[in-house]
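Values in this text are rule-based calculations from the coordinates and carry no lab data. In this text the structure is predicted, and so the values were computed from the model without any measurement. Neighbour counts are summed over all protein chains in view; Cβ atoms, including those assigned to glycine, are modelled from backbone coordinates with ideal geometry.
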Amino acid sequence: MKIANSVALVTGSNRGLGRHFARQLLERGAAKVYATARDAGSIDLPGVEALPLDITDADSVAAAASAAHDVTLLVNNAGIITGANLVTGDPAAIRLELDTHFYGTLAVIRAFAPVLAANGGGAILNVLSSMSWVSYDRATAYSAAKAAQWSLTNGVRVELAGQGTLVTGLLLGPTDTDMTAGMDVPKNDPADVVRTALDGVEADLVEVLADEGVARLKAALSADPRALYPQVV
Ligand SMILES: NC(=O)c1ccc[n+]([C@@H]2O[C@H](COP(=O)([O-])OP(=O)(O)OC[C@H]3O[C@@H](n4cnc5c(N)ncnc54)[C@H](OP(=O)(O)O)[C@@H]3O)[C@@H](O)[C@H]2O)c1
């Protein structure tokens, strides 16, 4: 997958990682970048094609897929964090996590899979999380949704292999965007994460680990889960 001369579409690209994706795709020579957001008016990057897209709204997804029929690289970046826990949290918030990360990402992939097939296969990059692999108190609903999105990534990779579509999962720890504004922890620079992710797509990787923390986490998954969950006795 070469980014130069590709036609890319990025969800949630008015801010955060999505805005970095749209900018770096342009810098790497993409022929066109559809920068999408729930409010297309909030997209301020020069040189992009701004499109409205709410990934949880079926009509909005269908309209975007019909407008952007030349896409060869789809970046599923849009996401939220409600802070809801699974046992005690607001069920509406838990549902919103899954509606966004799982059903929303899936709806966009289902709409764009035929577009990618018609344009030679192309690639899909799904922005997952270290929390696809580990849960933290006060965000267990987010982890469940990101884990579902990780499994979705593996599933659609299998299903779309026949049409030649590369499906890459990006796993990353805390990164300096609005999503982590209230967190006092070391954070990745979002520009570095996006550079690593796009390098991975160009290298045909199916999994990109954006930082050392997530690489250590992956290695730890084969050990006793109690090592990851010291609060569990
Ligand atoms: N930052 C981190 O530490 C971190 C770590 C691991 C994974 N991630 C993942 O990285 C991705 C980007 O997050 P970020 O850190 O850049 O967060 P962010 O700065 O809060 O940006 C989130 C983006 O997603 C958009 N969005 C939310 N719901 C949407 C919907 N239904 N339809 C379309 N767009 C929607 C937001 O649009 P509005 O402006 O309309 O709200 C915004 O553009 C997410 O998938 C997140 O789970 C982030």
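Just tell me which aspartates and glutamates come within less than 19 Å, Cα to Cα, of LYS32; anything on the same chain fewer than 8 places away is out. Reachable aspartates and glutamates: ASP44, GLU49, ASP70, ASP199, GLU202.
Nearest 500 deg cm²/dmol is fine: what mean residue ellipticity at 222 nm does the chain get from its DSSP H runs of n ≥ 4 alone, each adding -39,500 (n - 2.57), divided by its residue count?
On the way: 7 runs with 86 residues, N = 233.
Estimated from H runs of four or more residues: -11500 deg cm²/dmol.
Please compute the net charge surrounding ALA227, taking Lys and Arg as +1 and Asp and Glu as -1 over other residues with Cβ under 15 Å from its Cβ. Summing Lys and Arg as +1 and Asp and Glu as -1 gives +2. The residues neighbouring GLY83, those whose beta-carbon lies less than 13 Å from its own, together hold a net charge of -2 under the Lys/Arg +1, Asp/Glu -1 convention. Rounded if a/c is under 1.5, else prolate if a/b beats b/c, else oblate: with a ≥ b ≥ c from the C-alpha gyration tensor eigenvalues square-rooted, which is the range 68-156? It is prolate, given that a/c is not under 1.5 and a/b is the larger ratio.
Below 9 angstrom from the Cβ of GLY169, what's the summed charge of the other residues (Lys, Arg +1; Asp, Glu -1)? Please report the intermediate quantities before stating the final value.
Details: positive: ARG157; negative: GLU207.
Surrounding charge for GLY169 is 0.
Projecting the Cα positions of MET179, VAL75, VAL158 onto the charge dipole of the chain (unit charges on Cβ atoms of Lys, Arg, Asp and Glu, taken about the Cα centre) puts VAL158 furthest along the positive direction.
Our summary of shape: the Cα atoms of the range 7-232 have principal axis extents of 50, 35, 31 Å, ordered from largest down, in whole angstrom. The charge dipole of the chain, taken about the Cα centre with unit charges on the Cβ atoms of Lys, Arg (+1) and Asp, Glu (-1), comes to about 260 debye, rounded to the nearest 20.
Compute the distance in nm between two label points, each set 7 Å from the Cα along the Cα-to-Cβ direction, one at ARG95 and one at ARG195. The answer from the label model is 4.3 nm. Expressed as an acute angle from 0 to 90° and rounded to the nearest 10, what is the orientation of the C-alpha long axis of helix 16-27 relative to the principal long axis of the chain? Here the helix axis deviates by roughly 40 degrees. Short-range pairs are left out: with C-alpha atoms under 8 Å and at least six residues apart, the relative contact order of the chain is 17 percent.
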